[in-house]
Amino acid sequence: MKKILLEVEGLSTHFMTRNGVLKAVNDVSFTLHEGEIIGLVGESGSGKSVTGFSILGLVDAPGQIVAGSVRLQGRELIGMAEPELRTVRGREISMVFQDPSTTLNPVLSIGTQMRLALAAHETVSRQAADTRCADVLNKVGIPDAARRLDYFPHQFSGGMRQRVAIAIALLNHPKLIICDEPTTALDVSIQAQILLQMKTLAQDFGTAMIWISHDLSTVSSVASQLLVMYAGRIIESGPARDLLRIPNHPYTHGLLGSLPEHARPGQPLEQIPGQMPSLIDLGSECAFLSRCTKSDSLCHTSPTLRSDGSRRVRCHHPIAGDWH
Amino acid sequence: MLGFVIQRVVQAVVVMLIISILVFVGVYAVGNPIDVLISPDATQLIREQTIKAYGLDQPLWKQYLDFLMRLLQGDFGRSFVYNMPVIDLIFSRLPATIELTLTAVLGATVLGVPLGIYAGYRPDRFLSKMIMGLSIFGFSVPTFWIGLVLIFTFAVTLGWFPAGNRGPTASLWGIEWSFLTGEGLAYLFLPALNLSLFKFAMMVRLARAGTRETMLTDIVKFARASGESEFTILHRHVLRLISIPIVTVFGLELGSTLAFAVVTETIFSWPGVGKLIIDSIATLDRPVMVAYLMLVAFLFIMINLTVDIVYVFLDPRLRHRRS
């Protein structure tokens, strides 16, 4: 059994907006082992990105982590002083964002940007820094990297830019990379390439990953564990293969049913009716109540997350399994 | 890059030609300088001699061609009033204005941009609100009034700085400058402060708006996620990203202040070109007005050219498009 890398327990991040408290992340708990890839799935606004940012302590105002604990190899990150937290960011946990054309600085050469990320954690000579940067760029699949350090982001294609961002994230050999939909903004053909490459890199470096996505089929090809989020909560989790074969929550079931590969030719795509409730006035009932086909009077009280050992589900009427 | 510069120089020549026509026609179509130059009771003979001596009996197009030919030889004519070459007259005044303007615009930028970045970075702090208050003050209070208040407070009441004039100067490259002597600096301080207040306010607003916008981008989030310090983020990422509008406004302000520092120069009796142009408009000293306007047009073109070249250094995307 591998050692535990990250423990997230009861994490809640709320946004104090003018219209009330927006509960973006609510009581999220999960455990990540060293070198493990975990997929965090949910639709837009389900709280998956905010979960990622909360782990790094990078929630923008008016957002606030109101409860919970995030432990990296036993060290508590919530409430850690900013200077200390900065030594964690980039060196122990780094992040790759969705759109490389908005994350890289257009007026600095990629060499400069990489050297800044490197200099944030250690003092290295210019020459040593350049060698290291070129080395990592080569690893993520950018040929002739030493010469391209002087290039600017606009001189790269979208896929190449995302490779540069990934190289920056890998630069300090972090133990964990949070990937916030890193392939969503790319061409489908490039998506598969990058996906495969990241999986290989994670194996080579022994890096764990949290892969955030709204796309179940993408995630299932990289992650060994899946977390499904809905309205700020984890509603189902478990080993990817089991969860995809036998979903237990009606929402997961609906999601899988709406994948194009499950549709029969000539038939319209399945979809989940309705939409996610507003995160500001979440009541005490199950958040999926209004869209669920299996609901009854029991569903007016919020279900708890129940576990059968390897899988968890937050539902009064799980589709299968033995829950306690 | 070289091709770009050559192209811009050709454009500049065309623009200067067009401006020379506009300026010449505009200035020569108003008023009659003879009425100003000679007394009403002068004899008809003297009157005709004077008209002939200044070439005012020629048709307008002939006067323009003569003017243009002289211009190309570096001869801007003689001032009607001072009876000396216009070029000498303007260049005897120009260093004073350049010195005052550069001090004011540079000072406003060097102080305004960091304060603006701070106000954009921490918009809710008390200090930020103070900075913004000062910038609203700088925007809304008229320059001449501030000038008078400055003189009254620091020169008359407190006696810390002289109330006007240029004071002692020292020579560098054959030109007299105030900033080279300690006392000259004291003379320079109040008028430069007066002139810089509006520009300071503008730089603060520009830097603040840019910083607020930039701080919300993924560029900053990504840099933070890489563990870069807030100081690194501000001076390596944010400053570079907001520098393009700042350079633009810097250039425009430098040009317009060089040309129109009139109010401050008048209040502080600063012997610059602004004062000269006001006097020559009053006396219809046409060669001075024409030469001055041509000089201003030339300065604007040069400043804009410099700004365009600086852009290329600031934004690599332009560099590759043009090369």
*What tally of residues in the stretch A:179-231 results from selecting those that are within 19 Å of residue A:140 (Cβ to Cβ) and either outside the structural domain of residue A:261 (by TED's automatic domain parsing) or more than 13 Å from the chain's Cα centre (by Cα) (or both)?*
23
*Does the stretch B:169-186 include one or more residues that are over 18 Å from the mean Cα position of the chain (by Cα), on the phi > 0 side of the Ramachandran plot and not aromatic (Phe, Trp, Tyr)?*
yes
*Return the only residue of A:134, A:117, A:128 being facing chain B (nearest Cβ under 7 Å) and either among the small types (Gly, Ala, Ser) or at positive phi (or both).*
A:117
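Test residue A:206 against the stated conditions and say whether it is surrounded by fewer than 18 Cβ atoms within 10 Å (Cβ to Cβ) and modelled with pLDDT under 90. Lay out the reasoning, then the answer.
Values: surrounded by fewer than 18 Cβ atoms within 10 Å (Cβ to Cβ): yes; modelled with pLDDT under 90: yes.
In short, yes.
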_Looking only at the stretch A:1-22, count every residue that is more than 15 Å from residue A:55 (Cβ to Cβ) and out of contact with any Phe, Trp or Tyr (no Cβ under 8 Å at 6 or more places or on another chain) and tell me the total._
10
*Cβ-Cβ below 8 Å, separation at least six or inter-chain, first residue in the stretch B:265-288 and within 20 Å of residue B:101 (Cβ to Cβ), second in a helix (DSSP H, G or I) and among the acidic types (Asp, Glu): which pairs?*
B:271/B:265; B:272/B:265; B:274/B:265; B:275/B:265
*Can you name the number of the only condition in (1) away from every other protein chain (no Cβ under 13 Å); (2) in contact (Cβ under 8 Å) with a residue 40 or more places away in the chain; (3) open to solvent by 50 Å² or more (accessible area, probe 1.4 Å); (4) on the phi < 0 side of the Ramachandran plot that residue A:75 fails?*
(2)
_Quick check on the stretch A:219-254: of everything there that is in contact with a Phe, Trp or Tyr (Cβ under 8 Å, 6 or more places away or on another chain), in a helix (DSSP H, G or I) and of a type outside the set (A, V, I, L, M, F, W, C), which residue is least open to solvent (accessible area, probe 1.4 Å)?_
A:251
_Positions within the stretch A:279-297 being in contact (Cβ under 8 Å) with a residue 24 or more places away in the chain and surrounded by fewer than 17 Cβ atoms within 10 Å (Cβ to Cβ), in sequence order_ = A:280, A:281, A:293, A:294
*Can you give me the ranges of the helices (runs of 4 or more DSSP H) entirely in the stretch B:214-323 with at least 2 residues that are in contact with a Lys or Arg (Cβ under 8 Å, 6 or more places away or on another chain) and within 12 Å of chain A (Cβ to nearest Cβ)?*
B:218-225, B:286-314
*If the Cβ limit is 6 Å and pairs must be 6+ apart or interchain, which residue in the stretch A:151-167 that is away from chain B (no Cβ under 12 Å) pairs with which residue that is among the small types (Gly, Ala, Ser) and surrounded by fewer than 18 Cβ atoms within 10 Å (Cβ to Cβ)?*
A:163/A:141
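The values are calculated or read from the model by the stated rules, or taken from the named source; none is laboratory data. Keep in mind that what you see is a predicted model, and the values were worked out from it rather than measured. Cβ coordinates were reconstructed from backbone atoms using ideal geometry, including for glycine residues, and neighbour counts include every protein chain displayed. Just so you know, the surface numbers come from the protein's heavy atoms only, side chains and all, with ligands and any DNA or RNA stripped out. Shrake-Rupley method; radii C 1.70, N 1.55, O 1.52, S 1.80 Å.
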